[in-house]
Amino acid sequence: MATHAAYDAGTTATEVAAAFADQIKGRNVVVTGISPASIGYTTVMAIAAHGPANLILASRTQAKLDAVTADIRKAHPEVTVHQVSLDLADVNSVRKAAASVAAVVDRVDVLINNAGISTPERLSAKAPNGTEVDGQFLTNHLGVFLWTALLLPLLRTAAASRPARVVNLTSQGHHLSPVRFSDYAFRQGLYNVPADEKPRDGLPPFFVKTIDGYPGFLGYGQSKTANILHATELARRLKASAHPEDSQISVFSVHPGTIETELSRSLDAEGQETIAKTAPKGLWKTQDQGAATTLVAAFDPALKEADVAGGAVVGYLSDCQLRDDMVAEHAKGADKAKRLWTESEKLLQFTVDL
Ligand SMILES: NC(=O)c1ccc[n+]([C@@H]2O[C@H](COP(=O)([O-])OP(=O)(O)OC[C@H]3O[C@@H](n4cnc5c(N)ncnc54)[C@H](OP(=O)(O)O)[C@@H]3O)[C@@H](O)[C@H]2O)c1
């Protein structure tokens, strides 16, 4: 149970940050993807208002990092802000960025994996082991997986004295597609995969529309399913870890709602219209409402993960409440979560110290 049962789709990040101000004060918080007009921007502005010790902004476009840093320094000159250049689609950049975080802080109390892309066009990419993967999977999952693993020592140091958190931004769009372990890059045709990797039955045609054989929404859905499975297996491993402080690191996944941001920048009119229909009763959340669920996941001390050892979903929040009932079957299950972890390590040629 979250602390505030009355929080809902209309609750704002400003309100949540004020309610959990004592959880923000003095903490080191890392947020990825903080560009102006994004959910990340509203997230960091709300956090900055309550005295974090260090606020670390990790994003890929320097001019946007500069603009947001200036906004925070203007509104909250007392806050120490650090910039980290991070391109989640580039493993070398992820490694450098994690080292940059370690150069400015010795602990991370809260890691908010907010950055993400949604694109209708194929972004073909190679994982470090040479396998072709979808660019959305590389950015939204593999990059996040590696980045989180590299920041683990700093989370561990924080957790030795106070509980720490990892929050993965996923989406209700995860319902569109399971992880396609046999075809990460959507090269085999949409349905020519094992039954448990096929897109959901009965999807409206727009969601299965392809450009040059690539279904952008399904690619996004695959990556957002991976965000939930990653969170689930991370939580399980932390609880089973030989490092005693690891059990003090909790992990949650968040669907923020439907919010007008730059995420749909590359969609055509039909795509924009389709996304608009995903907003309940056609109502889009404001930016401030859109960041509220992230802040509950990051700072509400009453939140408890599910018992992932028993195969449950880690703790999925929507409209500021735990809503594991809203998770698709294909994003549930200890076996799938473990499989994704092992496969991600193989693709990245990297073994997580956990
Ligand atoms: N908006 C919605 O309705 C909605 C719904 C469900 C889930 N979400 C999730 O919420 C999160 C935030 O989305 P948003 O709506 O705020 O989107 P947005 O406005 O497009 O912001 C995304 C952020 O991620 C950054 N980013 C993109 N690719 C990156 C990369 N390769 N490396 C590092 N940073 C990168 C962007 O940086 P640049 O600006 O420099 O490209 C930007 O700061 C995403 O994970 C998204 O899947 C959003």
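Accessible surface of Arg156 in the full protein assembly, 1.4 angstrom probe, to the nearest 10 Å²?
Ignoring ligands and nucleic acids, Arg156 comes out at about 20 Å².
Give the long-range amide H neighbours of His76: residues separated by 5 or more places, or on another chain, with amide H under 5 Å away, using H modelled in the peptide plane at 1.01 Å from N.
Distant-sequence amide H within range of His76: zero hits.
Name the residues whose placed amide hydrogens come within less than 5 Å of the amide hydrogen of Ile249, ignoring near sequence neighbours (fewer than 5 apart) on the same chain.
Ala164
Roll a 1.4 Å probe over the protein heavy atoms and report the accessible area of Leu88 in Å², nearest 10.
Here the residue's solvent-accessible area equals roughly 10 Å².
So if the hydrodynamic radius of the chain is defined as the Kirkwood radius over C-alpha pairs, what does Stokes-Einstein give as its diffusion coefficient at 25 °C and 0.890 mPa s, in µm² per second?
Rounded, D is 123 µm²/s.
Find the Cα radius of gyration of region 115-265, compare it with 2.2 N^0.38 Å by division, and give the number to two decimals.
1.13
Largest first, how would Glu233, Glu15 line up by accessible area (1.4 Å probe)?
Glu15, Glu233
Mind checking which aspartates and glutamates have their Cα closer than 14 Å to the Cα of Lys346? Skip sequence neighbours fewer than 8 apart in that chain.
Glu132
With all protein chains present, calculate the accessible area of Trp284 using a 1.4 Å probe and round the result to the nearest 10 Å².
Probe radius 1.4 Å; accessible area of Trp284 about 80 Å².
Let's see if you can work this out: charge +1 on each Lys and Arg Cβ, -1 on each Asp and Glu Cβ, no other charges. What is the dipole magnitude of region 13-348 about its Cα centre, in debye to the nearest 20?
It comes to approximately 440 debye.
For Leu123, enumerate residues with amide H under 5 Å from its amide H, sequence gap 5+ or separate chain, H modeled in the peptide plane.
Excluding prolines and chain starts, which carry no amide H, the hits are Gly135, Gln136.
Where is the GNM fluctuation largest for the chain (alpha-carbon springs, 10 angstrom cutoff): Leu267, Leu155, Leu142?
Maximum among the listed residues: Leu267.
Choose one answer from Thr258, Thr225, Thr274: the residue with the largest mean-square fluctuation in a GNM of the chain with alpha-carbon springs under 10 Å.
Largest GNM mean-square fluctuation: Thr274.
In whole angstrom, note down how far apart the Cα centers of region 320-354 and region 164-199 are.
11
Most mobile of Asn92, Asn54, Asn227 per a Gaussian network model of the chain (Cα springs, under 10 Å)?
Per the Cα network of the chain with a 10 Å cutoff, Asn92 tops the list.
Share of the chain's accessible area from carbon and sulfur, percent, 1.4 Å?
53
Which of Lys96/Lys336; Lys239/Lys336; Lys64/Lys96; Lys224/Lys277; Lys74/Lys224; Lys224/Lys338 have a Cα-Cα distance over 25 Å?
Lys96/Lys336; Lys74/Lys224, as the Cα separations exceed 25 Å there.
Compute the accessible area per residue over the chain, keeping the other protein chains in place, probe 1.4 Å, unit Å².
Spelled out: the 1.4 Å probe surface of the chain, per residue, equals 39 Å².
Which Rg and Dmax, in Å, describe the Cα atoms of region 1-133?
Answer for region 1-133, Rg first and Dmax second: 16.3, 49 Å.
Sequence gap at least 6, Cα distance under 8 Å: using those rules, report the relative contact order of the chain to the nearest whole percent.
Relative contact order of the chain: 22 percent.
Relative to the first principal axis of the alpha-carbon coordinates of the chain, what is the inclination of helix 91-104, with its axis defined by its Cα atoms, in degrees from 0 to 90 and to the nearest 10?
Helix 91-104 sits at roughly 10 degrees to that axis.
Calculate one ³J(HN,Hα) per residue across region 156-165 by plugging θ = phi - 60° into the Karplus curve 6.51 cos²θ - 1.76 cosθ + 1.60, and present them in order as whole Hz with x for glycine and proline.
So the J values, rounded to whole Hz, are 4, 4, 4, 5, 5, 10, 8, x, 10, 9.
With a 1.4 Å probe and all protein chains kept in place, how do Arg73, Arg180 rank by accessible area, largest first?
Final ranking, largest accessible area leading: Arg73, Arg180.
The values are calculated or read from the model by the stated rules, or taken from the named source; none is laboratory data. In this text, all values refer to a predicted model and were calculated from it rather than measured experimentally. With ideal geometry, Cβ positions are generated from the backbone for all residues, glycine too; neighbour counts draw on all protein chains shown. Protein only, heavy atoms only, side chains kept; ligands, DNA and RNA dropped before computing areas. Shrake-Rupley method; radii C 1.70, N 1.55, O 1.52, S 1.80 Å.
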